[in-house]
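Bear in mind these aren't lab numbers, they're just calculated from the coordinates by the rules spelled out. It should be emphasised that the depicted structure is a prediction, and the values quoted were computed from it without experimental measurement. Don't worry about glycine lacking a Cβ; one is built from the backbone with ideal geometry, like all the others, and counts go over all protein chains shown.
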Amino acid sequence: MAKSEGKLRLRELGNTGLKLSCVGFGASPLGNVFGHVSEQDAIASVRRAFQLGINFFDTSPYYGGTLSETMLGKALEALGVERNEFIVSTKCGRYADGFDFSAERVTKSIDESLARLRLDYVDILQCHDIEFGNLDQIISETIPALQKLKEVGKIRHIGITGLPLEVFTYVLDRVPPGSVDVILSYCHYSINDTTLEDLLPYLKSKGVGVISASPLAMGLLTENGPPEWHPASPELKSACKDAAAHCKEKGKNISKLAMQYSLSNREISSVLVGMNSVRQVEENVAAAVELAIFGNDVGILRDVEAILEPVKNQTWPSGIQKS
Ligand code: NAD
């Protein structure tokens, strides 16, 4: 592991002026979303991540019903470093008790998030999973409310997140230029699904920064497989299981291959991976460092792409379903 120390690359995030580590720390596991994580492990994981050059941490009041924010807040405080040495994003509009993108709720929710995170401001506040809201409300009410939070210094930048890619174009085509700084897409830039790629030129033309989350497809591209609640079809789960078994047979870890694949596209500022242990942090940072030195393992990547070909770009429904 020593060869990885201090080598993680930073990438600019759109026009924000922020420079994010190419591997970002997804803190949903700290909300016990993928199984129980002790406070000790949460703090140790964040500490190790920061030591290895990860400067970007993402959470939400939704993850573990606020537990993720609380744990991340404790862990960041325990680092004992200057506030400008790390970048934090959290979200609004999605909560354990449901969705509420009203100006009133999101304005209240940032104060609650800041208290749990033990911070005076967050670098990015994102409207969480907007496909579950009314997109016209996001445009006319939520984003203007976030702009006011920006003016008073509680947040630095505004983002939107969601699964269906069309929600991004719907909103970005209708808001004043520069009012949305960042999009966070998930499960659309990994070996099994690369549909985000087609949207990258559009996002660049709008000056919007791109964060891509879930390079391991929320556990599909891991040796242990996905959690019970994973929404993928049995067919997709089975193909990913076969791909993981194939990698193992060839002496390669599918998670490393998947991290490296997602990290290869430099138009993506940070690849947000959920981590809950020092070991996972070290493995994912090592994947990035080795990619920079050796490039992708093309041979095994081609095998995995062939195994996943029948389910390529297969996704699942998310949001308010249209009849
Ligand atoms: P992921 O694809 O990053 O997978 C996480 C799972 O993989 C966890 O079970 C984790 O323990 C495991 N894992 C991590 N590194 C591993 C390794 N080296 N080997 C084996 N297993 C490993 O999915 P995710 O956590 O859902 O996504 C990452 C982050 O992105 C989230 O924590 C969250 O911060 C963000 N995210 C945001 C949204 C949204 O805004 N709508 C959606 C999804 C994810």
message = Whole angstrom only: what separates the Cα centroid of region 121-175 from the Cα centroid of region 228-252?
response = 34
task = Could you grab the relative contact order for region 203-282? Cα pairs under 8 Å, six or more apart, rounded to a whole percent.
result = 43
key: Cβ crowding within 10 Å averaged over residues, with 61-72, 197-208 ranked highest first   = 61-72, 197-208
query = In percent, what relative contact order does the chain have, based on Cα pairs under 8 Å that are 6 or more apart in sequence?
reply = 21
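Give, to the nearest whole percent, the P(r) tail of the chain beyond 27 angstrom, counting all Cα pairs. Intermediate results must be reported in sequence, preceding the final value.
Details: 20511 of 52003 pairs.
That fraction is 39 percent.
Using the alpha carbon gyration tensor of region 203-289, what are the three equivalent-ellipsoid semi-axes (square root of 5 times each eigenvalue), largest first, in whole Å? List each step's numbers first, then the result.
Values: eigenvalues 111, 55, 31 Å².
Over the Cα atoms of region 203-289, the semi-axes work out to 24, 17, 12 Å.
Can you give the charge dipole size of region 182-295 about its Cα centre, rounded to the nearest 20 debye, using +1 on the beta carbon of Lys and Arg and -1 on the beta carbon of Asp and Glu?
Details: 10 positive and 12 negative charges, 33 e Å.
The dipole of region 182-295 has a size of about 160 debye.
Assigning unit charges at the beta carbon (Lys, Arg +1; Asp, Glu -1) and nothing else, what dipole magnitude in debye, to the nearest 20, does region 12-169 show about its Cα centre? Let's see the in-between values first.
Details: 15 positive and 21 negative charges, 80 e Å.
It works out to roughly 380 debye.
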key: region 124-254: relative contact order as a whole-number percent, Cα under 8 Å and 6+ apart   = 18
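Stretch residue 104-residue 81 to full length: gain in nm at 0.36 nm per residue minus the Cα-Cα span?
The span from residue 104 to residue 81 would gain 5.0 nm if fully extended.
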task = Name the residues whose placed amide hydrogens come within less than 5 Å of the amide hydrogen of residue 252, ignoring near sequence neighbours (fewer than 5 apart) on the same chain.
result = none
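So if I place +1 on the C-beta of Lys and Arg and -1 on the C-beta of Asp and Glu, and nothing else carries charge, what would the dipole magnitude of the chain be about its Cα centre? I want it in debye, nearest 20.
Values: 33 positive and 40 negative charges, 116 e Å.
Roughly 560 debye, rounded to the nearest 20.
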